[in-house]
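The structure under discussion appears below in the form of structure tokens.
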Amino acid sequence: MTFTPDPDSARAPHSHPHEARKAEEAQKEAKEKAEVANQAKSDLLARLNRELRTPQTILYIEDNASNAQLMGLVIERRPSTRLLGAAHGAEGVALARKHHPNLVLLDLNLPDINGDEVLEQLQSDPLTADIPVVMISGDALPSQVQRLLALGARNYVTKPFNVRSFLALLDEVLSTPPSPPAAHSLS
């Protein structure tokens, strides 16, 4: 004769199924939090390693000198990042082809050609198609934002912007390997 213990009798004397379920849920939640923390730690270390190994280059295409100077001060918060500037769209496209920056920050209203045309030129050129482009403009119309994201902009930032949020966006874009543009917006 074989003795098979009753699974319910293996529980602690005053334990209930409800308490056991709560304990399992707490363990599962703790495990998920640990996984999220480990992933965040891993992402941070990977970003720091990339920043320490290779300097990042950002091209800012902006005709307003004050905005360009302000962006220079913001980018200084990322010491491993070099900022190139262009005051005209055609000049920006030429610099993107020549220097192949890690990111292009693009104003919408430029004196020679509009930012959307610059974006289209960058997206259609095999030399620059993989460079992520973030639009920066005072035009916050949802239709405008959606149109430019649909054209291939990685993100759309409206002026004035929150510096911390903007730097987090830069870190995200600069730490992401080149790929076809993904449309999502910074709020």
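In sequence order, the stretch 114-128 has phi-based couplings of 5, x, 5, 5, 4, 4, 4, 5, 5, 5, 8, 8, x, 6, 10 Hz under the Karplus curve 6.51 cos²θ - 1.76 cosθ + 1.60, θ = phi - 60°, and Gly or Pro positions carry x. In straight-distance terms, cross-link reach from LYS33 covers every one of the aspartates and glutamates whose alpha-carbon lies under 13 Å from its own, apart from those fewer than eight places away in the same chain; here that gives GLU25. Measure off, as a whole percent, the carbon and sulfur share of the 1.4 Å-probe accessible area of the stretch 57-103, all protein chains present. Carbon and sulfur together cover 51 percent of it.
Taking all protein chains into account, the per residue accessible area for the stretch 91-181 stands at 45 Å² (1.4 Å probe). To the nearest 10, the accessible area of GLU117 is 80 Å² with a 1.4 Å probe. FRET efficiency for the pair ALA40 and THR176, taken as 1/(1 + (r/R0)^6) with r the Cβ-Cβ distance and R0 = 22 Å, rounds to 0.90. A simple rule links phi to the HN-Hα coupling: the Karplus curve 6.51 cos²θ - 1.76 cosθ + 1.60 with θ = phi - 60°, which for the stretch 20-30 gives 5, 5, 4, 5, 5, 5, 5, 5, 5, 5, 5 Hz, with x for Gly and Pro.
Once the Cα-Cα distance is subtracted from the 0.36 nm per residue extended length, the ARG147 to GLU91 segment shows a gain of 17.8 nm. Among the protein heavy atoms, those of ARG21 account for about 130 Å² of accessible surface (1.4 Å probe, every chain in place). For GLY85, the amide hydrogen comes within under 5 Å of the amide hydrogens of TYR60, counting only partners 5 or more places away or on other chains and with H modelled in the peptide plane.
The values are calculated or read from the model by the stated rules, or taken from the named source; none is laboratory data. Just so it is clear, the structure is predicted and the values come from calculations on it, not from any experiment. Because the Cβ atoms are built from the backbone with ideal geometry, glycine has one as well, and the counts that use them run over all protein chains shown. When the accessible area is computed, the model is the full protein with side chains, heavy atoms only, and any ligands, DNA or RNA have been set aside. Shrake-Rupley method; radii C 1.70, N 1.55, O 1.52, S 1.80 Å.
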